[in-house]
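A short write-up of the structure that comes next.
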Amino acid sequence: MLVTKRQLPFILLAVAACSFLLDADIFMRKDGFIRRTQSTKKYGEVLSDGTLFIPVGNREGRSLGQNLQEKVTDTRKLMCADLLADREEKKITRLHVEAEVCGDFSLGNIISTIISYNLAAHLADIPFTFSCADSYPGVMAAMQKNEVAPFLPSDYDKEAYDLEIFCEKRHYRFTDVAHGQYLVADIIQNQIASSQNVVTEGDDAVIHVRLNDAFHRIRRESQRGLFPHIAYTTLLKRAEEGKGEIRSISIVTDSFDTSKVREIDAQFTDLSRVVAEDLRRQLKVDFPNAEVSIDNDNNETTVTSYTRLAKANKIAVCGCSTFCPFPVMSVEDDVLGFIYDSQYLNSFYPQYLAEHKDNMHLWDAPLLGSNEISKSTTDQILEFLRDKSTTGISIM
């Protein structure tokens with residue numbers, strides 16, 4: 001049959017559609033939902049032991065594969081449908097999520113996603129497994145687990161957040177973190193911290209200061225930047241009121257070695273060093289009996305940074321970053337945790353923690369944003385950092 005130029009696009013489309021159908025498994029659920037899964041990207045394979053297996057992550061994009069992106073659209077929705085449907089049949093005995101590549105790229109988003117899956121398993125009353133098909137050393141590698149049994153805390157309020165509510169949530173990850181905070185603390189204290197031997201004792205105060213990429217100019221309003229030194233002094237003085245004198249302070253930040261940071265951050269390492277050293281100088285003045293250290297040398301990794309924050313003896317401080325809330329919210333109940341009250345980052349769960357845990361607090365202070373930093377000289381930046389005014393500093 002002769003094919004005209006006008007017919008050719010339609011024939012090619014038909015061939016493509018047939019090829020897709022031949023390479024796919026199509027079936028209809030009892031609830032009428034049609035699932036189409038390409039054979040190279042299976043979702044929801046139930047193994048012989050009853051494990052619901054969910055592969056996630058891809059090797060494309062700037063994360064170099066270090067992500068938990070869904071291999072199949074609406075994986076969470078599909079998982080929820082399976083878990084809800086199985087509550088009576090009890091054929092699913094475990095939820096297993098496997099990341100294609102584990103690494104410490106964008107930890108704030110990655111950890112919250114793992115917590116979501118882990119909490120879903122517990123709300124369904126089944127144990128959880130997280131594994132890495134391939135992995136770099138770091139926090140994510142240490143988060144691998146294979147639970148023996150689910151362990152919702154005895155005081156967990158399932159009426160406030162059960163499997164149905166979990167599955168109804170649209171903005172889910174950060175809400176899940178709030179209700180799965182027990183999982184965060186368990187993972188960081190019992191898996192991440194225990195996986196290293198550099199940090200053996202905690203410092204009285206640990207402050208995470210985001211430098212390097214916090215100075216990148218962005219097109220939107222500044223979301224990251226620098227706080228005046230007096231903000232940290234104010235928080236630490238508040239801790240001394242109830243916890244006693246602070247005798248050791250750790251400043252946790254990224255490396256100043258250009259060979260140890262991302263290429264896009266290398267241009268900021270000199271300024272980062274100036275800022276960190278000036279903060280150490282000021283803290284030494286304000287806390288003369290304290291040993292003040294900047295912990296970012298060759299022995300420091302994401303794992304040791306998390307451990308330092310989580311093992312703080314009196315106070316742990318998290319600024320404008322998605323990196324530090326998890327270890328700060330994991331401190332012991334007699335340790336104060338302060339998380340920056342950002343309108344851009346860490347949606348919902350810091351507010352939830354501040355309302356539900358006596359030792360968790362939000363704080364705010366004037367911010368010299370990245371866009372302003374890009375237009376400022378070093379002397380102007382130092383002038384901002386050294387301003388002694390407490391106007392605009394608040395603790396909630």
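The values are calculated or read from the model by the stated rules, or taken from the named source; none is laboratory data. Worth saying up front: this structure is predicted, and the values here are computed from it rather than measured. Cβ coordinates were reconstructed from backbone atoms using ideal geometry, including for glycine residues, and neighbour counts include every protein chain displayed.
Observations on the model:
- Any hit, segment 240-258, residues being within 16 Å of E372 (Cβ to Cβ) and crowded, with 17+ Cβ neighbours inside 10 Å: no
- Condition broken by I207, with the remaining ones in (1) closer than 15 Å to P327 by Cα; (2) in contact with an Asp or Glu (Cβ under 6 Å, 6 or more places away or on another chain) satisfied: (2)
- In summary, V198 fulfils each of the numbered conditions (1) surrounded by fewer than 22 Cβ atoms within 10 Å (Cβ to Cβ); (2) in the same structural domain as Q144 (by TED's automatic domain parsing); (3) closer than 29 Å to H229 by Cα with the single exception of condition (2).
- Selection of segment 225-269 for residues being over 19 Å from D104 (Cβ atoms) and assigned to a loop (DSSP other than H, G, I, E, B) yields F227, P228, G244, E245, I246, R247.
- Scanning segment 369-393 for residues that are in contact (Cβ under 8 Å) with a residue 40 or more places away in the chain and hydroxyl-bearing (S, T, Y) yields a count of 5.
- Any hit, segment 267-286, residues being farther than 27 Å from N371 by Cα, touching a residue at least 40 places away in the same chain (Cβ under 8 Å), of a type outside the set (F, W, Y) and touching a strand residue (DSSP E or B) at 6+ places or on another chain (Cβ under 7 Å): no
- Sole exception among (1) more than 18 Å from I92 (Cα to Cα); (2) among the aliphatic types (A, V, I, L, M); (3) assigned to a helix (DSSP H, G or I) for A160, by number: (3)
- Some residue of segment 210-222 being within 19 Å of S293 (Cβ to Cβ) and modelled with pLDDT of 95 or more: no
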